[in-house]
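The values are calculated or read from the model by the stated rules, or taken from the named source; none is laboratory data. Being a predicted model, the structure only gives us computed values, none of them experimental. With ideal geometry, Cβ positions are generated from the backbone for all residues, glycine too; neighbour counts draw on all protein chains shown. What goes into the accessible areas is simple: the full protein's heavy atoms, side chains included, and nothing from ligands, DNA or RNA. Shrake-Rupley method; radii C 1.70, N 1.55, O 1.52, S 1.80 Å.
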Amino acid sequence: MLVADRNILGIGTERLDAAGAGATAREIAQQPAVWPEIEALVTDQRSALDAFLGPLLAKPDLRIVLTGAGTSAFIGECLAPALLGGGWRADAVPTTDLVSGPRQFLQPKVPTLLVSFGRSGNSPESVAAVDLADGVVDEIYHLVITCNADGALCRMAQGRANAYAILLPDATHDRGFAMTTSFTSMLLAAAGAFGVLAPGATAGPSAAAAQVLASMLPLLDGLVAQNFSRVVYLGSNALRGLAREASLKLLELTDGQVVALFDSPLGFRHGPKTVVNADTLVVVLLSNDARARRYDLDLLGELRNDRRAGRVLALSGRDEPALGDACITLDGVGQAPDLALALPYIVFCQAFALLQSLALGLRPDTPSVSGTVNRVVQGVTIYPLAEDSDVSRG
């Protein structure tokens with residue numbers, strides 16, 4: 001379902017295609033229309049999902065491990081707080097950690113549901129993590145959420161009683177380098193599968209994301225024009241994982257020419273705040289949770305009073321008149337849980353990264369000028385689990 005509009009973020013699609021940005025731009029812009037489709041897909045599979053997940057989630061000692069590589073790992077970081085709040089034990093552990101230390105991150109005697117996120121489902125670490133979990137954990141189950149029917153993860157889940165795959169529509173399988181629609185769609189599918197977002201939860205976020213794409217071009221263009229060399233994204237709890245994803249999007253699409261960092265508002269004071277200077281943009285992703293929001297606003301006020309950053313900006317689901325033009329309020333999400341609020345927030349960050357990439361003369365669909373960073377990671381050697389004892393003896 002690629003967007004057919006003639007303009008995206010004020011740029012003609014022919015011009016975007018010529019600039020090597022057409023796929024990424026369309027994939028960012030299509031998200032408000034795709035999200036209701038993801039919600040409907042999960043609803044259609046509700047009975048099958050409940051039949052698979054219900055007995056597992058009823059196990060009092062079940063451990064849920066949310067895993068993936070890169071952006072796919074950050075889905076788990078966003079989702080884990082909501083699962084923990086729902087009473088389950090949930091850990092976000094990247095496949096890149098599971099592969100290098102399976103016996104440090106997997107517990108053999110603990111029943112485990114490994115939730116694997118993968119755009120292509122062909123990342124070497126993602127495939128290896130499934131095999132390692134099968135070899136290390138006595139009672140292992142797999143939930144695969146992927147965008148590629150032909151990927152190794154999706155194929156692995158077929159015909160296995162201990163596995164279930166949620167295959168998302170082909171439109172979510174981003175053709176651009178950076179994960180955009182795939183990130184938000186896999187996050188939404190997982191939230192729906194576990195029931196941590198209520199039915200109909202996409203309506204507000206979809207409208208808010210459409211608002212970003214339709215009316216915030218002057219703001220985005222203004223941020224790009226300031227030519228910041230450093231950008232910091234800050235978010236609490238689930239939005240910390242989103243801040244991490246936002247920083248990666250900017251790093252990827254600017255080929256590392258803009259240094260992007262992330263943290264929580266409370267954590268930022270403990271050393272990382274030293275990065276702030278006149279060439280720094282700080283974006284605070286304000287939480288809708290009353291407790292977390294108080295800490296977010298305290299840090300936001302502190303940064304403004306410091307007068308060190310080039311600009312301090314807040315994204316918010318609620319109006320904060322005291323912040324003036326430092327607060328960008330999205331309509332219709334004032335009561336949304338942070339997991340839903342994450343959807344329009346990341347569209348803003350994705351759009352900024354795309355426009356910044358174009359301003360630097362890069363081709364966002366293939367931003368790595370050197371060619372050393374690839375859409376699907378290459379060059380990873382996977383070492384068999386059996387070799388570990390040989391190495392330790394040596």
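Here are the numbers for the structure shown:
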{"item": "Solvent-accessible surface ranking, highest first, for LEU385, LEU56 at 1.4 angstrom", "result": "LEU385, LEU56"}
{"item": "Computed magnitude of the charge dipole of segment 35-144 (debye, nearest 20; Cβ of K, R +1, Cβ of D, E -1)", "result": "220"}
{"item": "Rounded to 10°, Cα long-axis angle of helix 203-215 versus longest principal axis of the chain", "result": "40"}
{"item": "Semi-axes of the equivalent ellipsoid for segment 30-143, Cα gyration tensor, largest first, Å", "result": "23, 19, 13"}
{"item": "Mean separation of Cα contacts under 8 Å, 6 or more apart, over the residue count of the chain: relative contact order %", "result": "18"}
{"item": "Percent carbon-and-sulfur accessible area, segment 1-74, ignoring ligands, DNA and RNA, probe 1.4 Å", "result": "53"}
{"item": "Accessible-area value, THR202, 1.4 Å probe, nucleic acids and ligands omitted, Å²", "result": "10"}
{"item": "Where GLU14, GLU37, GLU302 fall by accessible area, highest first, once all protein chains stay in place (1.4 Å)", "result": "GLU14, GLU37, GLU302"}
{"item": "Two-site label geometry, SER215 and ASP279: point separation in nm, points 7 Å out along Cα→Cβ", "result": "3.5"}
{"item": "Theoretical FRET efficiency, 1/(1+(r/R0)^6), r = Cβ-Cβ of GLN158 and ILE382, R0 22 Å, to 0.05", "result": "0.55"}
{"item": "Stretchable slack from ASP298 to ARG46, in nm (0.36 nm times residue separation minus alpha-carbon distance)", "result": "86.6 nm"}
{"item": "Scattering curve values for segment 150-238, log₁₀ I(q)/I(0), Debye with Cα scatterers, q = 0.22, 0.24 Å⁻¹", "result": "-1.32, -1.36"}
{"item": "Percent of alpha-carbon pairs separated by more than 38 Å within the chain", "result": "17"}
{"item": "Computed accessible area, ASP263, all protein chains, 1.4 angstrom probe, square angstrom", "result": "20"}
{"item": "Surface share of carbon and sulfur [accessible, 1.4 angstrom probe, percent] for segment 97-170", "result": "49"}
{"item": "Prolate/oblate/rounded label for segment 32-82 (Cα gyration tensor, a/c 1.5)", "result": "oblate"}
{"item": "Highest-MSF residue in the chain out of SER236, SER120, SER370 [GNM, Cα springs under 10 Å]", "result": "SER370"}
{"item": "Leading residue at positive end of dipole, the chain (Cβ point charges), from LEU188, GLY70, LEU313", "result": "LEU313"}
{"item": "Amide H partners (placed H, <5 Å) of GLN45, local residues excluded", "result": "none"}
{"item": "Candidate lysines - alpha carbon under 28 Å from LYS273, same-chain residues fewer than 8 apart omitted", "result": "LYS249"}
{"item": "For segment 349-354, 3J(HN,Hα) per residue [Karplus equation, 6.51 cos²θ - 1.76 cosθ + 1.60, θ = phi - 60°, Hz, x = Gly/Pro]", "result": "5, 5, 5, 4, 4, 4"}
{"item": "Residue-normalised accessible area of the chain, expressed per residue, 1.4 Å probe, Å²", "result": "40"}
{"item": "Within the chain: Cβ-based charge dipole about Cα centre, in debye rounded to nearest 20 (Lys, Arg +1; Asp, Glu -1)", "result": "560"}
{"item": "Options VAL284, GLY256, ILE382, ranked by Cα towards positive dipole end of the chain, top entry (Cβ charges)", "result": "VAL284"}
{"item": "Residue among PHE183, PHE262, PHE52 with the largest mean-square fluctuation in a Gaussian network model of the chain, springs linking Cα atoms under 10 Å", "result": "PHE52"}
{"item": "The chain - share of DSSP beta bridges that are antiparallel (%, nearest 5)", "result": "5"}
